[in-house]
Amino acid sequence: MNLLLDTHTLIWFFDGDIQLSEKAKHAIIDSQNQKFVSMVSIWEIAIKISLKKLVFEGNIGGILELIDTNGFELLRIDKKSILGLENIPFIHRDPFDRLLVATAISEEMFLITKDSNIQKYPVNVIW
């Protein structure tokens, strides 16, 4: 399976946070699954770190290093995902989450998220 990690999922996985569901954790550690992190999540994390809303050892460089160490692939924000934004209902107001949904739909990925608003979209969710 191709998995796209939501921003909070990525942070919780790296932090070993108990908020990460067992189902999500098992999907991420399963070597049969291919894991992706969107550049939109990196952008969101960088903003939160700069606003002091998130503290992460090593800051954004540390996040990027962990992504590489864990064998996750960085996914660029591409034209197909941007065009997909036009076609999804305006359920979620967060532009980062909307782009993650559009990406998961256009790339036919499972989105790993706890976000109940994202689960209202026609997207495959693991939680």
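The values are calculated or read from the model by the stated rules, or taken from the named source; none is laboratory data. Source: prediction; values computed, not measured. Cβ sites come from the backbone with ideal geometry, for glycine too, and all protein chains shown count toward neighbours.
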Looking at (1) under 19 Å from VAL123 (Cβ atoms); (2) without any contact (Cβ under 8 Å) to a residue 60 or more places away in the chain; (3) surrounded by fewer than 13 Cβ atoms within 10 Å (Cβ to Cβ), which is the one condition that is false for LEU85? (3)
Output yes when any residue across the stretch 85-97 is of a type in the set (D, E, K, R), at pLDDT 90 or above, farther than 26 Å from HIS26 by Cβ and in a helix (DSSP H, G or I), and no when none is. no
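Inspect the stretch 42-57 for any residue being of a type in the set (D, E, K, R), closer than 22 Å to ILE126 by Cβ and part of a helix (DSSP H, G or I) and give the result as yes or no. Steps first, please.
Initial filter on the stretch 42-57 (of a type in the set (D, E, K, R)): 44, 48, 52-53, 57.
In the following step, the residues that additionally are closer than 22 Å to ILE126 by Cβ were identified as 44.
Of the ones still in play, those that are also part of a helix (DSSP H, G or I) are 44.
Within the stretch 42-57, one or more residues are of a type in the set (D, E, K, R), closer than 22 Å to ILE126 by Cβ and part of a helix (DSSP H, G or I).
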Name, by its number, the condition in (1) free of Cβ contacts under 8 Å to residues at least 40 places away in the same chain; (2) surrounded by 14 or more Cβ atoms within 10 Å (Cβ to Cβ) that does not hold for GLU65. (2)
Taking into account only those residues within the stretch 88-111 that are of a type in the set (A, V, I, L, M) and in contact (Cβ under 8 Å) with a residue 24 or more places away in the chain, which is surrounded by the most Cβ atoms within 10 Å (Cβ to Cβ)? LEU100
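Just to be sure before I move on: is ASN70 surrounded by fewer than 16 Cβ atoms within 10 Å (Cβ to Cβ), without any contact (Cβ under 8 Å) to a residue 12 or more places away in the chain and among the polar types (S, T, N, Q) in the structure I sent?
Values: surrounded by fewer than 16 Cβ atoms within 10 Å (Cβ to Cβ): yes; without any contact (Cβ under 8 Å) to a residue 12 or more places away in the chain: no; among the polar types (S, T, N, Q): yes.
When the stated conditions are applied, ASN70 does not pass them.
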Only one of (1) over 16 Å from the mean Cα position of the chain (by Cα); (2) more than 25 Å from ASP17 (Cα to Cα); (3) not aromatic (Phe, Trp, Tyr) does not apply to GLU57, and that is (2)
Of everything in the stretch 15-41, what is part of a helix (DSSP H, G or I) and at pLDDT below 95? Give them in sequence order. ASP15
If you go through LYS48, LYS52, the only one that is farther than 19 Å from ILE105 by Cα and either touching a residue at least 24 places away in the same chain (Cβ under 8 Å) or surrounded by 13 or more Cβ atoms within 10 Å (Cβ to Cβ) (or both) is LYS48
Yes or no: SER21 closer than 17 Å to TRP127 by Cβ, out of contact with any Leu (no Cβ under 8 Å at 6 or more places or on another chain), surrounded by 11 or more Cβ atoms within 10 Å (Cβ to Cβ) and in contact (Cβ under 8 Å) with a residue 40 or more places away in the chain? yes
Looking only at the stretch 112-127, how many residues end up being buried (at least 17 other Cβ atoms within 10 Å of the Cβ) and without any contact (Cβ under 8 Å) to a residue 60 or more places away in the chain? 3
